[in-house]
Amino acid sequence: NGDNSINQLKKIYEYMELPFAVHWYSWWGDFDRDYPHFSPHPETYDVLQKLKAAGIRVVPYTNGRIWETKDRREEDWQFTSKGLPASVKDIKGKPIIENYNKASFGVMCPATKTWKKVIYDIALGLPAFGFDGVYYDQIAAARPRFCYDKSHGHLLGDHDTWFMRGYYPMFKKSRKDLNQRYPEAV
């Protein structure tokens, strides 16, 4: 139950006597589902406010690398229209699809305007909601995928497109704008 968890976190915070933050998974729904559409549960705001009132900072989980092919439960809501064109394509032009927890996800190309906007909107939207920052999973933990889609405007199969010309400048811009609006956010 939510209040029981909040009370347990308060006890830990009081015991530690140090700044304290929690990393919150599944604040929008089931884990590994509906990426990148992170819409908070109705009770998320109330729980967030209780945690903040207790002095506990909250950084929510998101995934900054993949888009679920059935991105609204079992429905292809925006993947085919928005995600697929911005996904990483292999040398034969096929999208790279990975599977996690019985769901399929397109790996997104960080050079595309579509994916840059998604990441940027998440970075600024979550602190606007009240979170203390944002965590993007898989960027450093999962292997990079090299893209061969000519329409993305990058060198084909270029290793630097993934991080140095992709995620690094994307996060740098998001961080700059985030710091201007929410200086305490991480």
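The values are calculated or read from the model by the stated rules, or taken from the named source; none is laboratory data. Remember, predicted model here, so these are calculated numbers, not experimental data. Remember, those area values only see protein heavy atoms, side chains included, never the ligands or the DNA or RNA. Shrake-Rupley method; radii C 1.70, N 1.55, O 1.52, S 1.80 Å.
In whole angstrom, note down how far apart the Cα centers of segment 116-167 and segment 53-95 are. Segment 116-167 and segment 53-95 have Cα centres separated by 11 Å. For segment 52-161, relative contact order (Cα pairs under 8 Å, six or more residues apart, normalised by length) works out to 33 percent.
If you wrap the tightest convex hull around every Cα atom of segment 26-114 and split its volume per residue, you get 111 Å³.
The relative contact order of the chain comes to 20 percent, based on Cα pairs under 8 Å that sit 6 or more residues apart.
Of the two radii for segment 67-111, the radius of gyration is 0.96 times the Kirkwood radius, both from the alpha carbons; that is the Rg over Rh value. For segment 134-145, backbone phi angles converted through the Karplus equation (6.51, -1.76, 1.60; θ = phi - 60°) give residue-by-residue couplings of 7, 10, 9, 7, 6, 4, 9, 8, 9, 5, x, 10 Hz, Gly and Pro being listed as x.
Database remark: amide H of Ser104 closer than 5 angstrom to the amide H of Thr69, Lys70 (H placed geometrically; neighbours at sequence offset of 5 or more, or on other chains; Pro and chain starts carry no H).
For the residues Ala86, Ala141, Ala53, a GNM of the chain with alpha-carbon springs under 10 Å puts the largest fluctuation on Ala141. The equivalent ellipsoid that matches the C-alpha gyration tensor of segment 46-183 spans semi-axes of 29, 18, 12 angstrom, in descending order. Pairs from the list Lys52/Lys113; Lys150/Lys172; Lys11/Lys102 with a Cα-Cα gap above 30 Å: Lys52/Lys113; Lys11/Lys102.
Adding -39500 (n - 2.57) for every DSSP H run of four residues or longer, then dividing by how many residues the chain holds, sets the calculated 222 nm ellipticity at -10000 deg cm²/dmol. How much of the accessible area of segment 42-186, in percent, comes from carbon and sulfur atoms when a 1.4 Å probe is used? Exposed carbon and sulfur together represent 56 percent of the surface.
Rounded to whole numbers, the Karplus 3J(HN,Hα) couplings from phi for segment 155-162 are 4, 6, x, 6, 5, 6, 5, 5 Hz, using 6.51 cos²θ - 1.76 cosθ + 1.60 with θ = phi - 60°, and x at Gly and Pro.
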